[in-house]
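What follows is one structure encoded as structure tokens, with my remarks underneath.
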Amino acid sequence: RTLLAALPDQKPDPLLALIKKFASDDRPGKIDLGVGVYRNAEGKTPVMAAVKSAEHHLWETQDSKSYIGPEGDPTFVSLLAQEVFCDGMVTENLAGVQTPGGTAALRLSAEILAHDNDRSIWIGTPTWANHNAIFATVGLGIKTYRFFDPQTQAVRVDEMLSAFESAKCGDAILLHASCHNPTGAAISAEVWSAIAEIVARKGLIPLFDNAYQGLGRGFAQDVEGMHTVLKAADEAIVAVSCSKSFSLYRERTGAAFVLGNSATDVARGVANFAYHARASYSMPPAHGAAVVATVLADAGRRKLWIDELASMRSRIFEIRTELTNRLSAYMPQLAAVADQEGMFSLLPLTPENITHLREVHGIYMPDSGRVNLAGLRIEQVDQVSRAIGQLL
Ligand code: PLP
């Protein structure tokens with residue numbers, strides 16, 4: 001019985017394959033809309049000034065690299081909680097742990113949800129590709145519903161709400177707090193309230209993936225819908241990623257929070273997070289979380305960071321508006337792109353269209369048609385819109 005030959009073939013990540021293709025294209029005007037990170041007007045993903053300042057401070061003051069434990073840094077967790085939740089929510093019924101990025105926060109969440117064999121998680125399609133893998137790996141039952149239609153650029157509200165109506169008490173529902181990946185589609189305040197009502201009536205457990213706070217409408221606005229649902233829920237989980245909001249991608253910084261009915265319950269939630277952390281990565285890396293805590297604990301650094309985040313957001317918004325103005329002339333439904341939020345939108349392009357854009361125009365995006373607007377410079381919008389418009 002062999003080990004390696006018996007393993008299943010694993011397809012390479014299509015986005016990594018795209019990055020390789022882009023790197024080996026020597027046309028000077030090539031454009032990368034596939035990348036999943038923020039880029040500034042020069043096409044760079046710089047270290048934020050607030051982060052640099054915090055790193056400088058840490059370099060001068062940090063006096064130990066000793067272990068910190070599977071729960072991570074409690075100061076980071078409580079400072080982050082102040083940013084993600086509203087005042088009335090930060091009580092003894094909320095607790096969390098630091099995790100290696102949003103991915104590990106989702107993985108720990110999946111682990112505790114999977115403790116009940118009967119529980120399913122409801123996932124809208126399309127969603128971030130890794131969601132399926134994370135929930136499937138722990139053996140959680142996955143149920144899907146159509147969330148978004150690229151042809152009409154509309155959220156399929158009725159399908160989503162009726163999926164939640166058909167969920168069983170105790171089932172989990174996965175929701176993107178804002179800046180939906182890959183569609184950018186925003187959920188209106190009325191629909192958030194409708195979700196909250198169903199969650200409360202049916203006893204569902206919302207799992208929020210909060211990976212882009214501050215890159216949508218505003219740092220506080222990006223979690224308002226989430227707050228509506230959390231206030232209605234009996235129990236809930238929130239997975240936070242600091243990768244995008246602090247541009248800390250490779251530092252693997254995030255947190256998983258549980259909201260429950262008592263301090264005892266949330267302590268049990270956290271203890272189970274810590275158990276699963278210990279059994280996989282043992283404890284999270286310290287640096288990114290120390291940086292975030294150092295930024296959030298100091299009013300000056302926090303303001304610098306909030307301002308930097310606002311300028312990232314307004315750059316994305318400017319590109320979004322310009323692109324929408326041009327693309328909607330070719331296809332009126334694309335006027336909806338202007339109302340979407342965050343870095344991504346999902347264009348109604350076929351894989352053949354996408355190959356054509358890559359081979360003829362040097363414009364790179366994955367086969368899904370997801371474009372990262374932050375991959376564009378303002379002066380490229382016209383050229384890209386023309387190339388795409390001819391195919392619509
Ligand atoms: N959730 C969504 C929707 C994402 O797009 C990403 C990253 O791309 C993550 C979670 C995970 O981010 P992290 O790099 O912090 O693990």
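In segment 278-293, the residues that are under 28 Å from residue 60 (Cβ atoms) and in contact (Cβ under 8 Å) with a residue 12 or more places away in the chain form Cβ pairs under 9 Å with partners that are in a loop (DSSP other than H, G, I, E, B) and of a type in the set (Asp, Glu), at six or more places apart or across chains, as follows: 283/71; 284/71; 284/73; 286/73; 289/73; 290/73; 293/73.
Can you tell me which residues in segment 208-237 are within 20 Å of residue 302 (Cβ to Cβ) and in contact with a Leu (Cβ under 8 Å, 6 or more places away or on another chain)? 214, 215, 219, 222 - these are the residues of segment 208-237 that are within 20 Å of residue 302 (Cβ to Cβ) and in contact with a Leu (Cβ under 8 Å, 6 or more places away or on another chain).
Among the residues of segment 210-234 satisfying the criterion of being surrounded by fewer than 19 Cβ atoms within 10 Å (Cβ to Cβ) and of a type in the set (Asp, Glu), which is nearest to the chain's Cα centre (by Cα)? This residue is 224.
Residue count for segment 94-131 satisfying the condition of being surrounded by 22 or more Cβ atoms within 10 Å (Cβ to Cβ), in a strand (DSSP E or B), under 16 Å from the mean Cα position of the chain (by Cα) and away from the ligand (no atom under 11 Å from the Cβ): 2. If you go through segment 257-275 and pick out every residue that is assigned to a helix (DSSP H, G or I) and either within 16 Å of the ligand (Cβ to nearest atom) or under 30 Å from residue 374 (Cβ atoms) (or both), you end up with 1.
Evaluate the following for residue 363: is it crowded, with 22+ Cβ neighbours inside 10 Å and farther than 22 Å from residue 332 by Cα? So residue 363 fits the description; yes. Could you tell me whether segment 172-183 includes any residue that is of a type in the set (A, V, I, L, M, F, W, C), surrounded by 22 or more Cβ atoms within 10 Å (Cβ to Cβ) and away from the ligand (no atom under 16 Å from the Cβ)? No. For beta carbons closer than 6 Å, sequence separation of 6+ or different chains, a first residue in segment 232-254 that is under 14 Å from residue 98 (Cα atoms) and at pLDDT 95 or above and a second that is of a type in the set (Ser, Thr, Tyr) and in a helix (DSSP H, G or I), the qualifying pairs are 237/109; 239/109; 243/249. Does segment 2-13 contain any residue that is closer than 19 Å to residue 354 by Cα and touching a residue at least 60 places away in the same chain (Cβ under 8 Å)? Scanning segment 2-13 turns up no residue that is closer than 19 Å to residue 354 by Cα and touching a residue at least 60 places away in the same chain (Cβ under 8 Å).
Restricting segment 211-256 to residues that are part of a helix (DSSP H, G or I) and within 14 Å of the ligand (Cβ to nearest atom), which is farthest from residue 89 (Cα to Cα)? Across segment 211-256, the extreme among qualifying residues is 250. Would you check if there is a residue in segment 56-66 being touching a residue at least 24 places away in the same chain (Cβ under 8 Å), in contact with a strand residue (DSSP E or B) (Cβ under 6 Å, 6 or more places away or on another chain) and more than 16 Å from the ligand (Cβ to nearest atom)? Checked segment 56-66: no residue is touching a residue at least 24 places away in the same chain (Cβ under 8 Å), in contact with a strand residue (DSSP E or B) (Cβ under 6 Å, 6 or more places away or on another chain) and more than 16 Å from the ligand (Cβ to nearest atom). If you check 94, 108, 113, 79 for being closer than 30 Å to residue 231 by Cβ, in contact with a His (Cβ under 7 Å, 6 or more places away or on another chain) and of a type in the set (A, V, I, L, M), only one passes: 108. Going by what's in this entry, would residue 138 be described as of a type in the set (A, V, I, L, M, F, W, C) and over 17 Å from residue 206 (Cβ atoms)? Criteria met by residue 138. Among the residues of segment 132-147, are any in contact (Cβ under 8 Å) with a residue 40 or more places away in the chain and within 16 Å of the ligand (Cβ to nearest atom)? Checked segment 132-147: no residue is in contact (Cβ under 8 Å) with a residue 40 or more places away in the chain and within 16 Å of the ligand (Cβ to nearest atom).
Residues checked against (1) over 22 Å from the mean Cα position of the chain (by Cα); (2) part of a strand (DSSP E or B):
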| position | (1), (2) |
| --- | --- |
| 334 | yes, no |
| 341 | no, no |
| 345 | no, yes |
| 352 | yes, no |
| 358 | yes, no |
| 366 | no, no |
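Determine, yes or no, whether residue 50 is surrounded by 15 or more Cβ atoms within 10 Å (Cβ to Cβ) and within 23 Å of the chain's Cα centre (by Cα). So residue 50 fits the description; yes.
The residue pairs whose first member lies in segment 86-112 and is free of Cβ contacts under 8 Å to residues at least 60 places away in the same chain and at negative phi, whose second member is assigned to a helix (DSSP H, G or I) and β-branched (Val, Ile, Thr), and whose beta carbons are closer than 6 Å, counting only pairs six or more residues apart or on different chains, are 110/134.
The values are calculated or read from the model by the stated rules, or taken from the named source; none is laboratory data. The structure displayed is predicted, hence computed values, not measured ones. Cβ coordinates were reconstructed from backbone atoms using ideal geometry, including for glycine residues, and neighbour counts include every protein chain displayed.
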